[in-house]
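Here the structure is laid out as structure tokens; the discussion comes afterwards.
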Amino acid sequence: MKKIFFILSMALAFTGLLKSKVNAQSVPVGTPALDDYYRRMQLLGKVDSNVSFTIRPLFPGVAFKRHNVYDPDTTLKNDNWTPTGPVSFANGAGSFQILPFSWQQQFNSDHPYGWNDGAMIPAKGYQTMVSGGIFVKYGPLSIQFRPEFVYAGNPPFNGFASGHSDKELIKYYAFYNYIDNPERFGNKAYSKAFLGQSSIRLTFDPVSIGLSNENLWWGPGIRNSLILGNNAPGFKHFTINTVRPINTPVGSFEFQVIAARLDATNFPPLLTTTTSTGANLVRAKTNDWRYYTGVNINYHIKWVEGLTLGLTRTFDAYHKDINTLSEYVPFFFPYQKQSTNDGDPIPRDQLTSLYARWLFTKAQAEVYFEYGLNDNSYNFRDFIGSPDHSRAYIFGLRKMLPFGTHADQHILLSGEITQLSQTVDRLVRGAGGWYVHSGVKQGQTNKGQVIGAGTGSGGNLQSMDVSWVSGLKKLGVRLERYEHNADFSASLADINGNSRKWVDFAFALQGEWNYKNLIFNATIEEVKSLNYEWFLKDYDPSSQQYYIPHNTVYNLHAIIGATYRF
């Protein structure tokens, strides 16, 4: 890793001798209105259909030939309070731009809820995040400095420990001792500054190489991603990636290869760390940062219009266990355990997924699918016999419908399913929970949050969205059913015969609206939590009721934000 960083630094020292007109400016994952705007425009056939949207952040300046990536519809050009966009210098060899200033606020009335909010934490009460910065480019060298600051009141709430027995606490720790995913981030207010969506790059169209702390999103999902998403804070990584599709006679390709650092928290799974008799529940974790590396590559088939096929593979291990080049770059490590003496030579957590996205521009629709595995099969025969062992998947679709006679207005219909719980195959052979690992006890997390699907290990989600859209504007409703960690709830069945599931039903009003330099975003969501925290208050084992009435909790989840574009 040190050698790689040294070589890159030496290369940066000579960039003043080079010139390039490539705009390597990214639109960070999760940017209100802008991040999804380009994907909606692709449904309408207004941007390049070869861009897969399965490797983000996007680089619209290169991929879609946008001069100002934060003004994609050019409405700011003639209607603004202050001029916007990059300013050129050095006879066009360089450019400078003040990045948008964003202020996002979030509130939960009863308990933590919500995901895909980057550096924000799961917390009750009020929290806020501010971000802004600058972008400078000269020749192929670009520097994007966009730090983030988060503050959360983080008041106490009724968590798992407040309503469960010692036996149930032991069960909880038996699962969550193998992942760094605390229920509450300490017992006081939380505040922290991050590098945020910052990067330094050398870009030679269509490939970019650099150091970054940006959030990454891999795969075609919109509400969730199996491998990488913006549920956790961005992490430090070295990257080689395409900024637009590479065209060839047989189709186009996109890829990203990363070598990264994942960090842990010092928080236990619960603030209650002992049983009522004083027995310790916490199992110590290795005090070392984790080396995380992965590859995402996809192929846009020339002869099948709109179809993209992709593969991702990632490895997560403690840095102290990485010694050889093959361990730093392990992408050709065999999938089949039969070829590796039935195991990995070092404690290492592997994930892989196959995905597909099919865009139908004439129908203004898309369908997508991602199928992932968190445990390798012994051999090919084993996989054929049990292809659903350790699997998780995401399936979704979107469709644009004309809104009356308004050519610039549409109704957007969206639906997505995330399934992370183990299948019935677990009765024969347990696969373990997604993002959880016995050898790498922090699991697939960064700073205490899962780097993949925000619904977390064992979480299942069904989501439906109906919205009116016009340019950057969007107004709509969202309905969701979220089942919390079905793998863990199944383990509670050994106690008092309890097999109750904790399920949230959520209804949200959401909107995004641009006015001159401003973009506003808001979500008001009512969440009904049935069997909250798997509590057993007033539980009657002889009852046929599936949901226990006195264990229903209501929560108001609200988001409001504003972004000013310079």
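What is the sum of charges around Lys236, taking Lys and Arg as +1, Asp and Glu as -1, for the other residues whose C-beta is under 12 Å from the C-beta of Lys236?
For residues surrounding Lys236, the net value is +1.
Cβ neighbours within 10 Å, averaged per peptide: list 307-316, 530-539, 375-384 in order, most packed at the top.
Working: 307-316: 21.8, 530-539: 18.8, 375-384: 14.8.
Top of the packing list down: 307-316, 530-539, 375-384.
Would you kindly state how much longer the chain becomes between Met464 and Val250 on full extension, computed as 0.36 nm times their sequence separation minus their alpha carbon distance, in nm to one decimal?
Working: separation 214, 0.36 × 214 = 77.04 nm, distance 3.60 nm.
The span from Met464 to Val250 would gain 73.4 nm if fully extended.
What is the order of His300, His111, fewest Cβ neighbours within 10 Å to most?
His111, His300
I'd like to compare 26-35, 164-173: which one has the highest average count of other Cβ atoms within 10 Å, and what's the full order after that?
26-35, 164-173
Using θ = phi - 60° and the Karplus form 6.51 cos²θ - 1.76 cosθ + 1.60, what ³J(HN,Hα) does each residue of region 180-185 get, whole Hz, x for Gly and Pro?
Ordered by residue, 3J(HN,Hα) equals 8, 9, x, 5, 9, 8 Hz.
Compute and list, largest first, the equivalent-ellipsoid semi-axes of region 143-190 from the alpha carbon gyration tensor, each √(5λ) rounded to a whole angstrom.
31, 16, 5
May I ask for the distance between the Cα centers of region 262-292 and region 398-427, given as a whole number of Å?
38 Å
On a full-extension model of 0.36 nm per residue, what is the gain between Thr361 and Asp425, subtracting their alpha-carbon distance, rounded to one decimal in nm?
19.2 nm
Can you give the local net charge around Leu351? Use residues other than it whose beta-carbon is closer than 10 angstrom to its beta-carbon, Lys and Arg +1, Asp and Glu -1.
Counting the neighbours of Leu351, the net charge comes to -2.
Give the average over all directions of the projected area of the C-alpha convex hull of region 180-253, one decimal, in nm².
Seen from a random direction, the Cα hull of region 180-253 projects 7.2 nm² on average.
If amide hydrogens are placed 1.01 Å from N in the peptide plane, which non-local residues have theirs closer than 5 Å to the one on Phe204?
The list, which skips near neighbours in sequence, is Ile209.
Determine, from the Cβ-Cβ distance of Phe507 and Asp288 and an R0 of 41 Å, the FRET efficiency 1/(1 + (r/R0)^6), rounded to the nearest 0.05.
So, using R0 = 41 Å, E works out to roughly 0.40.
7 Å from Cα along Cα→Cβ at both Asn266 and Phe520: what's the point-to-point distance in nm?
Modelled inter-label distance: 4.3 nm.
For every other residue with a beta carbon closer than 10 angstrom to the beta carbon of Thr361, add +1 if it is Lys or Arg and -1 if Asp or Glu, then tell me the sum.
0
Taking R0 as 45 Å, what FRET efficiency do you get between Phe395 and Phe89 from their Cβ-Cβ distance, rounded to the nearest 0.05?
0.40
As I understand it, the value is the acute angle between the Cα axis of helix 2-13 and the longest principal axis of the Cα atoms of the chain; what does it come to in degrees, rounded to 10?
The angle comes out at about 20 degrees.
Helix 34-43 against the longest principal axis of the chain: what's the angle in degrees, Cα atoms only, rounded to the nearest 10?
80 degrees
Report the full-extension gain for the segment Leu354 to Trp103: residue separation times 0.36 nm, less the Cα-Cα distance, to one decimal in nm.
Here the segment from Leu354 to Trp103 would lengthen by 86.8 nm.
As I understand it, the value is the acute angle between the Cα axis of helix 166-176 and the longest principal axis of the Cα atoms of the chain; what does it come to in degrees, rounded to 10?
Rounded to the nearest ten degrees, it is 30.
Mind ordering 318-331, 260-273 by average Cβ neighbours within 10 Å, highest first? Present the calculation step by step, with values, prior to reporting the outcome.
On the way: 318-331: 14.7, 260-273: 17.9.
In descending order of packing, they fall as 260-273, 318-331.
Say R0 is 45 Å: what FRET efficiency, to the nearest 0.05, do Ile411 and Thr277 get from their beta-carbon distance? Could the numbers behind the result be given before it?
Numbers: r = 59 Å, r/R0 = 1.32.
Taking R0 as 45 Å, the efficiency between Ile411 and Thr277 is 0.15.
FYI, it's all coordinate maths here, none of it is from the lab. Note that the coordinates shown come from a computational prediction; the quantities given were computed from them, not determined experimentally. Quick reminder, even Gly has a Cβ in these numbers, built from the backbone with ideal geometry, and neighbours come from all protein chains shown.
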